[in-house]
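Just so it is clear, none of the values below were taken in a lab; they were calculated from the coordinates. Quantities reported herein were computed from a predicted structural model and do not represent experimental measurements. Reconstructed Cβ throughout: ideal geometry from the backbone, glycine too, with neighbour counts over all protein chains shown.
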Amino acid sequence: MAKEFIVPGQIITGTGALAMAESTLARFGRKAMIVTDKVMVELGNCAKVETALKNQGIDYSVYSEIAGEPTDIMIENGLKQYREEGCDFLIALGGGSPIDSMKAIGSLVKNGGNISDYMGKVIDVEMPPMAAIPTTAGTGSEATQFTIITDTKKDVKMLLKGKSLMPALAVSDPQFTMTAPPKITAATGLDALCHAIEAYTSKQAQTLSDTFALSAVRRIFKFLPAAFHDGKNEEARTEMAVAALEAGIAFNNASVTLIHGMSRPIGALFHVAHGLSNAMLMKECLGFALSGAYERFAQLGRSIGAAGRDDTDKEAGEKFLAAVTALTKELKTPTLEEFGIEREAFFCAIGKMANDALESGSPQNTRREITKEDIEQMYRNLW
């Protein structure tokens, strides 16, 4: 059966990537809107992008109001600034939130409306040129046709999709990830690991997505602990930036499964950052999925050296799950309770969260039949 494989129009990686990208940005337009957050401005990262634009004689406007995970209100305000400033292309600088916000803003530039109008639809609109510059090694949003935006009226995290959301340029420069603190390094790195594992074990996996997913898993197990324990380790930061890109390409073409389906409702209702809620769910969700895909999990276990040729697929898969669990502990992933979520409030929301998870469509990609009752029980098991 034929399969389509989608990647960004141009990818530039490694030390000096931003400088190499300048000539491409010069072809994008006359005036850019940089979508970012206040932390990137304070750290001086935004100034580096501004300098790159100045070097090419490009005007720009900075929209730094992405505070936390993006909402429909942030998108509306960003679109307003884009139009008022007369911008004609977009640059996102930051983690998944600014990159997702850039995509959402871009989708409304020509046709207007509200981003919530696209819930349940494929986004197929004319977009301005977009460049994504990630500052965390995790979301892979620079390489995907997805954006996640919270509908503040319905308290739902919307997973929106469309090939037109793919950035024309992805710039993965390790100078920007060096500033990520350990907690962010851990959460985003485990997010990338989720992307790679879910892509490899998804019903929609294909040969090329498998190649990127396996490479990402191996790279993350080797370099994420080093980046977490020593944020100045340039080799680890560079390799993790590549791993996040690989994982993004993998799940962009194979989709995600149970973890992401259950993670989004936790984020929407209890304001847990996306990567962190994924990390909290890994042991429970992968433990459920394991029996439906022993062969796939076994290959992951052997690829990282956690299992050998003499292990059965079941044994190798279980050893991989144990390695994932050990990694989440090493990276000090908190439980829901340690994060500060009240047990009663969480249990009262389980029914809604299970419905929202199933409606997202992601759990159905798991290679094991799954019901609402299964999801509800997994939520309960987190306590």
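Phi angles of segment 154-164 translate, via the Karplus equation with coefficients 6.51, -1.76, 1.60 and θ = phi - 60°, into HN-Hα couplings of 9, 6, 10, 7, 8, 8, 10, 9, x, 4, 5 Hz per residue; Gly and Pro are given as x.
Listed cross-link partners K103/K372; K183/K329; K232/K319; K31/K161; K80/K153; K329/K372 are compared with a 24 Å cut-off, the Cα-Cα value being larger for K103/K372; K232/K319; K31/K161; K329/K372. Distance from the C-alpha centroid of segment 68-92 to that of segment 192-219: 32 Å, rounded to the whole angstrom. To the nearest ten degrees, helix 294-303 and the longest principal axis of the Cα atoms of the chain are 70 degrees apart.
On full extension of the chain, what length is gained from R380 through F339, given 0.36 nm per residue of separation minus the C-alpha to C-alpha distance?
Numbers: separation 41, 0.36 × 41 = 14.76 nm, distance 1.60 nm.
My answer for the length gained is 13.2 nm.
Once the gyration tensor of the Cα atoms in the chain is diagonalised, the equivalent ellipsoid follows with semi-axes of 32, 23, 19 Å, ordered largest first. Between K372, K154, K222, the GNM of the chain built on Cα springs shorter than 10 angstrom shows K154 fluctuating the most. In plain terms, the residue of M33, M240, M20, M158 with the fewest other Cβ atoms within 10 Å comes first and the most crowded comes last, giving M20, M158, M33, M240.
For Y118, what is the net charge nearby, where nearby means another residue's Cβ is under 12 Å from its Cβ and Lys, Arg count +1, Asp, Glu -1?
That sum, taken over residues with Cβ under 12 Å, equals -1.
Quick one: angle between helix 350-360 and the longest Cα principal axis of the chain, in degrees between 0 and 90, rounded to 10, please. Rounded to the nearest ten degrees, it is 60.
Magnitude of the Cβ-charge dipole of segment 1-115, K/R +1 and D/E -1, about the Cα centre, nearest 20 debye?
Its charge dipole is roughly 380 debye.
Fully extending the segment from M1 to D88 would add 27.4 nm, taking 0.36 nm per residue of separation and subtracting the current Cα-Cα distance. A Gaussian network model of the chain, with springs between Cα atoms under 10 Å, assigns the largest mean-square fluctuation among G140, G275, G287 to G287. Largest GNM mean-square fluctuation across I149, I304, I249, computed for the chain with C-alpha springs under 10 Å, falls on I304. The C-alpha atoms of segment 10-177 occupy a region whose extents along the principal axes are 42, 31, 28 Å, arranged from largest to smallest.
Between helix 182-201 and the chain, what is the angle of the helix's C-alpha long axis to the longest principal axis, kept within 0 to 90° and rounded to the nearest 10? Helix 182-201 and the main axis of the chain meet at about 70 degrees. Of the residues H229, H195, H260, the one with the fewest other Cβ atoms within 10 Å heads the list, and the complete ranking is H229, H260, H195.
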